[in-house]
Amino acid sequence: VFKQKRIFIAYSIADKIAANSNYTKDLLIESLSIKTTKITVIHPGIDIYDKFIQSDTIRKINDIIGKSNPVILTLARLEVRKGHRIVLDALSRLRNKYPNFLYIIAGDGPAKNDIKKYSIELKLENNICFLGWVTEPEKSVLLKNTDLFVMTPHIDNESVEGFGMSFIDAALHSIATLGTDNGGIPDAIIDGETGLIAKTSNLNDITDKIDKLLSNKERRESLGKAGQENAIKKFTWDKKIIEFFKLII
C-alpha cells in the first residue's frame, strides 16, 4: 500500500508523463486515475549496430545455424511470462512439416532449466539451441539469419510486457514477427502489416500463425520489409529524441 501511495504521489505531482505504450497509458489512467492530458506515449528507441559486427561473430552464428531451415528466434529473458513453453508446444505440433527447423532461444533467466527440460520432454532437443546472453552485434547477426521472430508473452501475476522492444529489433532487420495480444505488444506489431498477433496463451492460434508465416516466404518478406520501414520511420533514436524534446518544451 505504501509503495502504491508513493507511486501515485509521484505521478500526481508530475506535469507530464511519458508512457512507453498505449497499454501503459491506459493502465495509468485506469489504476491511478491520472489525467489523460498529462500522458504522452513515446515508444522506446532503437540503435543500429551493424557497423560494429566482426567477422568472427558472423562465423559463430553461421556455425550454429548450419543447414537448418527454417530458423525461428526468441530473444528474451527466460522467465515464465515470456511464453517459451507454448512456442515449444507449437513447434512440436509442426515438427513433421518442418523437420529441419532450428529454434534459437537467446537470453538467460530463472526459467532456463525448466525450458530446457521441457524441450527434452517434447523430444525437440536436437532442434533447439540455447545461446544464453548475446551481445548486440551477435543479436544483429542472429536476426539477419532468422526466418521468423516469435515471442508470445502472457500476464504472470503483475508482470506484463509493457511494450516489446525485441519486436522492433527484429523488424529493423526486416524480419517478420509473431506476438500476442498482450500488454503493449500491439504497439510494437502492426497486425497483418509488420507481423501477426495471436491470441494470448491460445496454442491453436499460435501454432496456426507460426505455420502460416513459415510456409509463406513471400508473405514473411513482405511483412519484414514493412516492419523495417516502420522501425526506421518511427523508432530510431533520432526520432525519439525529438519526441522527448517536444514533450518537455
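Candidates ASN204, ASN127, ASN182: the one that is open to solvent by 50 Å² or more (accessible area, probe 1.4 Å), under 18 Å from ASP89 (Cβ atoms) and among the polar types (S, T, N, Q) is ASN204. Being of a type outside the set (D, E, K, R) and modelled with pLDDT under 90 is the filter; apply it to the range 143-161 and report the residue that is most open to solvent (accessible area, probe 1.4 Å). Once the filter is applied, the top-ranked residue is ASN157.
Only one of the numbered conditions (1) in contact (Cβ under 8 Å) with a residue 12 or more places away in the chain; (2) within 19 Å of GLY162 (Cα to Cα); (3) acidic (Asp, Glu) is violated by ASP191, and that is (1).
If we keep just the residues of the range 1-49 that are of a type in the set (D, E, K, R) and assigned to a helix (DSSP H, G or I), which is modelled with the lowest pLDDT? Step by step, filter the range 1-49, then rank; the result is LYS3. Of everything listed in (1) in a helix (DSSP H, G or I); (2) more than 20 Å from ILE105 (Cα to Cα), the single unmet condition for GLU193 is (1). Set side by side, the residues ARG85, ARG59, ARG81 differ, and just one is at pLDDT 95 or above and outside any loop (DSSP other than H, G, I, E, B), which is ARG85. Under 9 Å by Cβ, and 6 or more places apart or on different chains, what pairs join a residue from the range 96-120 that is farther than 19 Å from ILE64 by Cβ and without any contact (Cβ under 8 Å) to a residue 40 or more places away in the chain with one that is open to solvent by 80 Å² or more (accessible area, probe 1.4 Å) and assigned to a helix (DSSP H, G or I)? Listed by first residue and then by second, the contacts come to PRO110/VAL80; ALA111/VAL80; ALA111/ARG85; ASP114/VAL80; ASP114/ARG85; TYR118/ARG85. For the residues LYS97, LYS16, LYS82, LYS25, the requirement of being touching a helix residue (DSSP H, G or I) at 6+ places or on another chain (Cβ under 9 Å), among the basic types (Lys, Arg) and open to solvent by less than 70 Å² (accessible area, probe 1.4 Å) singles out LYS25.
So is SER119 modelled with pLDDT of 95 or more and farther than 23 Å from ASN22 by Cβ or not?
For SER119, the condition - modelled with pLDDT of 95 or more and farther than 23 Å from ASN22 by Cβ - is met.
Count of the range 197-218 residues, restricted to those that are more than 17 Å from PHE167 (Cβ to Cβ) and assigned to a helix (DSSP H, G or I), is 10. Being in contact with a Ser or Thr (Cβ under 8 Å, 6 or more places away or on another chain), closer than 23 Å to ALA171 by Cβ, in a strand (DSSP E or B) and not hydroxyl-bearing (Ser, Thr, Tyr) is the requirement here; does LEU73 meet it? Yes.
The values are calculated or read from the model by the stated rules, or taken from the named source; none is laboratory data. Note that the structure is a prediction, hence the values are computed from the model and not measured. In this analysis, Cβ positions are derived from the backbone assuming ideal geometry, glycine residues included, and neighbour counts consider all displayed protein chains. To get the accessible areas, we keep the full protein, side chains included, count just its heavy atoms, and leave off ligands, DNA and RNA. Shrake-Rupley method; radii C 1.70, N 1.55, O 1.52, S 1.80 Å.
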